[in-house]
Amino acid sequence: MAACAEMEPAPRPPAAGPAGLVCAQGRNLKAVRCQRCGSRVLLPGAATFARRELLLPAMRKKAAAAAAGGGDVLREHWLVRDMFSFENVGFTRDVGNVKFLVCADCEAGPIGWHCLDDKDRFYVALERVAHE
């Protein structure tokens, strides 16, 4: 993993990633933090940007979403290949063959998704976390 000082911002946003968050190597340029409590979830350079449509339950109860059993389809994620790369993350109980990722300190979430069939892919939704 490249040290933060060695990572340069991409000269223009990569075709695959949002400006200011992805370095030229496709990794997270900034630390990833919990939106609610500010706990650090990932260090800079610990994950790569990935696009994949994933359905995550809503973070806040919405009457319509709760009644429909819905959630949010999220498309932009940080992909983590090793669960030990996380600084601070918790996992829900199994929901079918999926575990959802939550902040280990305040339990806000779900902030991400992990399929039990694929042991080396953990997705953290960009919309569900803060970057600094």
Worksheet, complete the sentence: Ranking LYS99, LYS30 from most to least accessible area with a 1.4 Å probe gives LYS30, LYS99
Fill in: LEU55-GLN25 pseudo-label distance in nm [points 7 Å out on the Cα-to-Cβ vector]
3.7 nm
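The values are calculated or read from the model by the stated rules, or taken from the named source; none is laboratory data. Computed from a predicted structure; not experimentally measured. Counting neighbours? That spans all protein chains shown, and the Cβs are built from the backbone with ideal geometry, glycine included. Calculation scope for accessible area: heavy atoms of the full protein, side chains included, ligands and nucleic acids excluded. Shrake-Rupley method; radii C 1.70, N 1.55, O 1.52, S 1.80 Å.
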